[in-house]
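Data block below; observations after.
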Amino acid sequence: METLEYLTAISRNEKMFNKLYQAASVKYDLPEGSLWILYFLIFSDEEVTQLDIAERMMLPKQTINSATSKLAEKGLVSLKKIDGSKKKRILLTEEGKRFTDETVRHVLNAECRAVEKMGEEKIKRYIKLYSEFYECMEGEFKEEGIIDA
């Protein structure tokens with residue numbers, strides 16, 4: 001395989017993953033930003049702010065802010081001020097918990113089963129290789145001046 005063929009295959013794989021999550025968003029009638037907020041809230045037992053989600057899910061702050069507002073309007077999440085801070089904690093409401101259990105939890109369950117099917121050895125290799133490739137790409141983007149060093 002030539003370098004460009006490898007890049008095409010990598011790009012195609014990334015797009016296939018994105019397509020899965022887009023399909024979940026459509027199925028559950030949720031914008032993708034909302035899906036990711038609910039997804040993150042399912043397994044987070046700590047205080048979670050919009051900034052936390054934006055940083056951990058690597059999504060723009062504006063996307064998270066807009067999606068959080070829409071989820072709050074629908075009664076699926078509430079915002080609670082954190083004592084001694086200007087930040088607000090995002091919480092699932094009871095309706096949000098029910099909705100998430102009927103929708104987004106299926107995404108997490110499917111992912112968990114996929115990881116289990118791959119097995120520990122393969123999934124560790126996948127993560128290691130994916131991380132190494134990212135580091136190579138980041139270094140080359142810096143070298144090209146695409147991103148700041």
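Considering only residues in region 35-47 that are of a type outside the set (Asp, Glu) and without any contact (Cβ under 8 Å) to a residue 40 or more places away in the chain, the one that is farthest from residue 83 (Cα to Cα) turns out to be 36. Just a yes or no: is a residue in region 56-75 open to solvent by less than 50 Å² (accessible area, probe 1.4 Å), touching a residue at least 40 places away in the same chain (Cβ under 8 Å) and not in a loop (DSSP other than H, G, I, E, B)? There is no residue in region 56-75 that is open to solvent by less than 50 Å² (accessible area, probe 1.4 Å), touching a residue at least 40 places away in the same chain (Cβ under 8 Å) and not in a loop (DSSP other than H, G, I, E, B). Checking the stated criteria, residue 55 turns out to be at pLDDT below 95 and acidic (Asp, Glu).
Against the definition (among the polar types (S, T, N, Q), touching a helix residue (DSSP H, G or I) at 6+ places or on another chain (Cβ under 9 Å), surrounded by 12 or more Cβ atoms within 10 Å (Cβ to Cβ) and in contact (Cβ under 8 Å) with a residue 40 or more places away in the chain), how does residue 50 come out, yes or no? Criteria met by residue 50.
Given the criteria at pLDDT 95 or above, over 18 Å from residue 40 (Cβ atoms) and open to solvent by less than 50 Å² (accessible area, probe 1.4 Å), does residue 127 qualify? When the stated conditions are applied, residue 127 does not pass them. Once region 26-47 is narrowed to residues that are outside any helix (DSSP H, G or I) and at pLDDT 90 or above, the residue that is most open to solvent (accessible area, probe 1.4 Å) is 29. Please indicate, with yes or no, whether at least one residue in region 1-23 is of a type in the set (A, V, I, L, M, F, W, C), crowded, with 16+ Cβ neighbours inside 10 Å and over 23 Å from residue 85 (Cα atoms). No, region 1-23 contains no residue that is of a type in the set (A, V, I, L, M, F, W, C), crowded, with 16+ Cβ neighbours inside 10 Å and over 23 Å from residue 85 (Cα atoms).
The values are calculated or read from the model by the stated rules, or taken from the named source; none is laboratory data. Please read these numbers as outputs of a predicted model, since none were measured by experiment. Cβ sites come from the backbone with ideal geometry, for glycine too, and all protein chains shown count toward neighbours. Each accessible area value is taken on the protein alone, full model and side chains, heavy atoms only, with ligands, DNA and RNA left out. Shrake-Rupley method; radii C 1.70, N 1.55, O 1.52, S 1.80 Å.
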